[in-house]
Amino acid sequence: MKIIMLGAPGAGKGTQAKKIAEKYSIPHISTGDIFRANIKNGTELGKKAKEYMDQGLLVPDELVVDLVVDRVGQPDAANGYVLDGFPRTIPQAEALDKALEALGEKVDYAINVEVPDENIINRMSGRRACVACGATYHLVHIPPKTEGICDKCGKELILRDDDKPETVKKRLDVYHDQTQPLIDYYTNKGILKEVDGTVDMEIVFKNITDILGE
Ligand code: ADP
Ligand code: ADP
Ligand code: ZN
């Protein structure tokens, strides 16, 4: 099962993608996580990506596409995967389709998690991410058991630099401009599924599994 998560920054793509990956035993592939790991390890890719990420801009397609095409070709992705944060532009979607087509494969579902812009700033200012394992929480909606500490691995939780309100506004503009057109792209392919992302995360997940099946 090959699944793409669509939605504004903070819509809950990562939260749902992690649950999907667990339930269906497929890898969760997050381009944001890959870039953040590269930044942490001080790689060349990380240095380049950071310049864009800090400004709320997208990393250029040429730095993203090969990386994802390579990742989905790894053995653990043979039975499918859930892509979170990719594609984010029409050229990225086209490049993915082309790469899959060459293998006789295709994306099965594009799930759009819908959350209005008004809710996004609040979502992001409350988001806390684990420095070590990438687990995400929300101060109000999905709090960790102990304040500031990851439930899963015990390490520190931080507010991402790009989750500050000024940068979030920019990211929302970029989303509407460059990523939202993917909704039409996947509608035209007949694989777009919409879910309401404003309800409790367990209800969002139930609605997603109703679409994907047991
Ligand atoms: P969010 O979870 O809030 O949607 P991500 O963690 O997916 O954010 O991405 C963080 C940043 O990493 C983006 O703002 C962008 O700069 C960069 N990024 C991630 N995925 C892509 C992509 N597919 N194309 C271009 N830039 C990307
Ligand atoms: P994305 O990957 O789309 O950027 P995240 O999954 O990181 O979004 O979620 C953004 C923030 O909203 C996080 O703090 C997360 O804990 C919280 N969140 C996710 N789903 C819900 C939900 N259904 N209701 C309330 N808060 C949520
Ligand atoms: Zn952790």
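The values are calculated or read from the model by the stated rules, or taken from the named source; none is laboratory data. All values derive from a computational prediction rather than experimental measurement. Glycine also receives a Cβ, built like all others from the backbone with ideal geometry; neighbour counts cover every protein chain displayed. Heads up: the accessible areas ignore ligands, DNA and RNA and are worked out on the full protein's heavy atoms, side chains in. Shrake-Rupley method; radii C 1.70, N 1.55, O 1.52, S 1.80 Å.
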Relative contact order of segment 11-63, defined on C-alpha pairs under 8 angstrom at six or more residues apart (%): 17 percent
Segment 58-128: C-alpha gyration tensor shape, a/c 1.5 cut-off, then a/b vs b/c: prolate
The chain, accessible surface, carbon-and-sulfur percent (1.4 angstrom probe): 50 percent
The chain, Rg to Rh (Cα coordinates; Rh as Kirkwood inverse mean 1/r): 0.93
Segment 105-214, relative contact order [Cα under 8 Å, separation at least 6], %: 34 percent
Residues in segment 163-195 reached by a label modelled at Ile90 [backbone nitrogen below 13 Å; 7 Å Cα→Cβ]: 177-186, 188
Whole-Hz couplings from phi, Karplus 6.51/-1.76/1.60, listed for segment 193-200; x for Gly and Pro: 10, 9, 10, 6, x, 8, 8, 3
Per residue solvent-accessible surface (Å²) - segment 1-109, probe of 1.4 Å: 46 Å²
Equivalent ellipsoid semi-axes - Cα gyration tensor, segment 1-81, angstrom: 23, 16, 11
Shape call, segment 133-214: gyration tensor on alpha carbons, a/c limit 1.5: oblate
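Ratio of Rg to Rh for segment 87-184, alpha carbon only, Kirkwood?
Radius of gyration over Kirkwood radius for segment 87-184 works out to 1.07.
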Estimated FRET transfer efficiency (Thr198, Glu101; beta-carbon r; R0 30 Å; 0.05): 0.30
